[in-house]
Amino acid sequence: MASYQSMSKEELVQLKEKLNAEYEAFRAKGLKLDMSRGKPSVEQLNLSMGMMDVLSSSADLKCEAGVDCRNYGVLDGIQEAKQLLGDMIEVPADNIIIYGNSSLDVMYSTVARSMTHGVMGGTPWCKLDRVKFLCPAPGYDRHFAITEYFGIEMITVPMTPAGPDMDLVEKLVSQDEAIKGIWCVPKYSNPQGITYSDETVRRFARLQPAAKDFRIYWDNAYGIHHLYDDDQDYLLEILAECEKAGNPDLVYKFCSTSKVSFPGSGVAAIAASPANLESIRKQLAIQTIGFDKLNQLRHVRFYKNLDGMVEHMKKHAAILRPKFEAVLATLDRELSPCGIATWTKPKGGYFISFNSLDGCAKAIVAKCREAGVVMTPAGATYPYGIDPHDSNIRIAPSFPTPEELALASELFVLCVKLVSIDRILATK
Ligand code: PMP
């Protein structure tokens, strides 16, 4: 097949007619499929059902320190949970505070606290005229929703295959004291599935921000979420790099077991320098008497240690891998020859990032929806929901069954072709 750009108007019109007939056939099937959110499938959730059995009514519910986990106490998490999550994100247990069930909630709390009470004794952001965040994009829509909710001005920073454009990040943070943070998903990023290079991590650690209360919001949501045993990405550990660079307080690192155990019922944590943690603990002591220690205990008893988690993640990978491969194979087969799109080929995480011709993404997503396949809304991967090129679409292959996914990807490529043809015809 020739590239669409090289085809004549007549050839394109003819092709469009044929594809339209295929599209109508899809529509007649009355599909109801969802590729919009990165939810684990039922099969994946079933992997952790053993966790329901480890805390029976006859189990010893004391943690290693002898505290009864059924009762109040232990503000920042039981030691063995700090060890497990610390190992998961490669930081010492002492650098961790365990929270509740959601890392997004930890990020929200962190921004909220900075708004009302400042960062480590600094001026509360709500008293400042302007507060800004850098938002590498495409990125995670729920990050952008937090900063938008607090009226924080978001500045888009382009992503490269090695991470955010660091020339721009360095320039902006060194010049503007109103810039207080940057959102990062450094490993198997949402939505590209890329991992920041060593050089990018080192440049982050060496940042010299104009604002003393600037922090890197390092959301390590997919740290151990590999798709392959023998072909994995590696990410330099940012806390250690910041310490080496003489910037120990520069970063907050977030994580959870949402996509290890159960989304919504996992364990979340923040890792940071002792000075940051000290300041966070003071506020946390007002917010809660302690989070859910039984859930912490359940996770520790089920996984036992990092090796247990890594073995468990291999089972997730075995379920996810064929789904990613099925979508990628369809994109490759159907779209590679057409020259109308590009996409990422992640080695981990939950997403594929897809770029159509400029001005097509919204129309593609709408066309998919019309035939019963829901995608993440176009634009969601950019601050304020506005993709300046109207080109990026996040594909989430985890939830549908392989059969559903085959159908959904066939329909998706059909919609991409039809919308692209319209776009090209408009310029011929
Ligand atoms: N961060 C990223 C990058 C995510 O993709 C997700 C889930 N889609 C989350 C955070 C949410 O994590 P949690 O369930 O711990 O709130």
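The values are calculated or read from the model by the stated rules, or taken from the named source; none is laboratory data. On a predicted model such as this, the values are computed, not experimentally measured, just so you know. Cβ: placed from backbone, ideal geometry, glycine included. Neighbour counts: every protein chain shown. Only protein heavy atoms, including side chains, enter the accessible area calculation; ligands, DNA and RNA are left aside. Shrake-Rupley method; radii C 1.70, N 1.55, O 1.52, S 1.80 Å.
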Query raised in the report: So how much accessible area does Trp343 have, in Å² to the nearest 10, using a 1.4 Å probe?
Result: 40 Å²
Report task. Whole number please: convex hull volume per residue, Cα atoms of the stretch 294-428, in Å³. Result -> 137 Å³
Query - the stretch 223-313: relative contact order in percent, alpha carbon pairs under 8 Å with at least 6 residues between - result: 24 percent
Report task. Quick one: which residues, 5+ away or cross-chain, put their amide H under 5 Å from the amide H of Gly348? H built at 1.01 Å from N. Result -> Leu227
Requested in this report: Label the chain by shape, choosing from rounded, prolate and oblate, from the square roots a ≥ b ≥ c of the eigenvalues of the Cα gyration tensor; if a/c is under 1.5 it is rounded, and otherwise prolate applies when a/b is larger than b/c, oblate when it is not.
Outcome: oblate
Report task. Whenever you get a sec, line up Met35, Met7 from highest to lowest accessible area (probe 1.4 Å, protein heavy atoms). Result -> Met7, Met35
Requested in this report: May I ask you to compute the full-extension gain from Gln232 to Glu11, defined as 0.36 nm times their residue separation minus their alpha-carbon distance, rounded to one decimal in nm?
Outcome: 75.3 nm
Query raised in the report: Roughly what % antiparallel, to the nearest 5, for the DSSP beta bridges in the chain?
Result: 45 percent
Query raised in the report: So how compact is the stretch 101-252: Cα radius of gyration and Dmax in angstrom?
Result: 14.9, 51
Query raised in the report: Percent of accessible area on the stretch 35-147 owned by carbon and sulfur, 1.4 Å probe?
Result: 49 percent
Report summary line: Longest principal axis of the chain (C-alpha) makes with the long axis of helix 306-335 (C-alpha) an angle, in degrees to the nearest 10, of 20 degrees
Query raised in the report: For Phe26, Phe204, Phe302, what's the largest-to-smallest order of accessible area, 1.4 Å probe?
Result: Phe302, Phe26, Phe204
Query raised in the report: Can you pick out the pairs among Lys187/Lys259; Lys39/Lys323; Lys18/Lys345; Lys180/Lys347 whose Cα atoms lie more than 25 Å from each other?
Result: Lys18/Lys345; Lys180/Lys347
Query raised in the report: Label Ala2 and Asp34 with points 7 Å out from Cα along Cα→Cβ: what is the distance between them in nm?
Result: 4.3 nm
Query raised in the report: So, with +1 on the Cβ of K and R and -1 on the Cβ of D and E, and no other charges, what is the size of the charge dipole of the chain about its Cα centre, to the nearest 20 debye?
Result: 700 debye
Report summary line: Of Ser265, Ser258, ordered by accessible area with the largest first and a 1.4 Å probe, the sequence is Ser265, Ser258
**Report entry** the stretch 32-52-the stretch 374-428 distance, computed between alpha-carbon centres (Å)
**Finding:** 23 Å
**Report entry** Global form of the stretch 205-272, assessed from the alpha-carbon gyration tensor, a/c cut-off 1.5
**Finding:** oblate
Query raised in the report: So which aspartates and glutamates can Lys314 reach, going by Cα to Cα under 20 Å and dropping same-chain residues fewer than 8 places off?
Result: Glu43, Asp87, Glu90, Asp229, Asp230, Asp231, Asp233, Glu325
Report task. Return the whole-Å distance between the Cα centroid of the stretch 280-300 and the Cα centroid of the stretch 87-112. Result -> 11 Å
Query raised in the report: Using alpha-carbon positions, what is the distance between the centroids of the stretch 164-191 and the stretch 304-331, in Å?
Result: 30 Å
Query raised in the report: For Leu320, what accessible area in Å² do you get when you roll a 1.4 Å probe over the heavy atoms of the protein chains, rounding to the nearest 10?
Result: 10 Å²
**Report entry** Heavy atoms of Glu11: accessible area, 1.4 Å probe, square angstrom to 10
**Finding:** 90 Å²
Query raised in the report: What aspartates and glutamates sit close enough to Lys244 to cross-link, taking a C-alpha to C-alpha distance under 15 Å and skipping anything fewer than 8 places away on the same chain?
Result: Asp198, Glu199
